[in-house]
Amino acid sequence: MSLCRADRFLLTSAAVTAGSAAVFGPSLLSLGVPLGAYAVMMADGVFRPASPIFYPTLVRGRTDRPHVALTFDDGPDPEITPAVLDMLAAHKARATFFVIGRYLEKHRTLGERMHREGHELGNHSWQHSYFQNFYPASGHGREIDRCAQLIKSVTQSKSEPWYRPPVGLKSPAMARASHKRNLKVVAWSIHSRDTMIRDPASVARGVVNRIRPGDIVLLHDGHDHEQRHRPLILQALPLLLQGLRERGLSSVTVSELSGETLPVASAPSGARLAADDARS
Ligand SMILES: [Zn+2]
């Protein structure tokens, strides 16, 4: 099997460091300079969600149309998600929901409603553990596969859903698991800060002032602690959708924004099926 990008990165780091020590002799400088540089790149690969160092990661979509992608993480939440779906429907907006598998299992009808109303379901792991980034590749694989299987059964699709790792963190083990499954991994170009800012108008304004065609926006309709909720989105989303409309932008799914499938509204059903088959 071919090496994933993270393993090629690690091998190159080791080779360059060994080469430096061989050429210049082992010293603080000959070992420290390459090791320091690779440590900085490692940190970028782990902590910056948009980093492509360990694995190719979609951050923005196509910019030739007035389209953006709103994405909602950590649901479905029975107290919040239905109202989010109502608001999206009122604005004829489509979105991508990066669901936590154990929540989707409990609230399967919400997942079915998302799919029925033209939204996309993305994989956000089964547990959404803060420790997942320390798991070996097999542990990442279990988290990915269990959620993906449930999504496929909810949407009756064979296509592998987009994957967004918990907290957006990556590791070489995560990259190996993703490479093995040929996963499409997506981060975001705009973080709405809806988990940090308490004023919904500021959240909406912060996104609308920055947004351009092709942007992928991170929002939350759920909370990774099951007893807690994120009601701020209920006030922020109408303002955000209104702001998009005023800027002439419409929200589509991540797949559409990435150019992977034709827009649902204008695609003949045969073409859509063919596109689905091609990806399955
Ligand atoms: Zn999350």
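We did not get these values from a lab; they are worked out from the coordinates using the rules stated. Here the structure is a predicted model, which means the values were calculated and not measured. Note that we place each Cβ from the backbone using ideal geometry, even for glycine, and neighbour counts take in every protein chain shown.
Remark: the residue 225-residue 62 segment gains 55.3 nm on full extension, using 0.36 nm per residue and subtracting the alpha carbon distance.
Our estimate of slack between residue 198 and residue 157, defined as 0.36 nm per intervening residue step minus the Cα-Cα distance, is 11.0 nm.
Computed over the chain with a Gaussian network model linking Cα atoms closer than 10 Å, the most mobile of 228, 176, 247 is 228. Only aspartates and glutamates eight or more places from residue 92 in sequence, or on another chain, were considered; those with a Cα closer than 12 Å are 117. Multiplying the residue separation of residue 31 and residue 247 by 0.36 nm and removing their Cα-Cα distance gives an extension gain of 72.5 nm.
Counting only DSSP beta bridges with both residues in region 57-279, the antiparallel share comes to about 5 percent. Quick one: go through region 40-74 and flag any residue whose amide nitrogen is under 13 Å from the point 7 Å out along the Cα-to-Cβ line of residue 167. Inside the label zone: 46-49. Hydrophobic, long helices, defined as DSSP H runs whose alpha-carbon span along the helix axis is 24 Å or greater and whose mean Kyte-Doolittle value is at least 0.0, occur in the chain at 5-24, 28-47.
Taking a straight line from the alpha carbon of residue 170, these lysines sit under 26 Å away, with near neighbours fewer than eight places off in the same chain left out: 152, 158, 180, 184. For region 81-152 versus region 51-72, the inter-centroid distance based on Cα atoms is 18 Å. So, in nm, how far is label residue 79 from label residue 180 when the simple model puts each one 7 Å beyond its Cα toward the Cβ? With each label point 7 Å from Cα toward Cβ, the separation is 3.8 nm. When the Cα gyration tensor is reduced to axis lengths a ≥ b ≥ c, the ratio a/c is 1.5 or higher for region 1-151, and with a/b above b/c it is classed as prolate. Taking square-rooted eigenvalues a ≥ b ≥ c of the alpha carbon gyration tensor, is region 57-279 rounded, prolate or oblate, where a/c under 1.5 means rounded and, failing that, a/b exceeding b/c means prolate? Rounded, since a/c falls under 1.5.
Label-to-label distance for residue 8 and residue 86 is 5.0 nm, based on points extended 7 Å past Cα in the beta-carbon direction.
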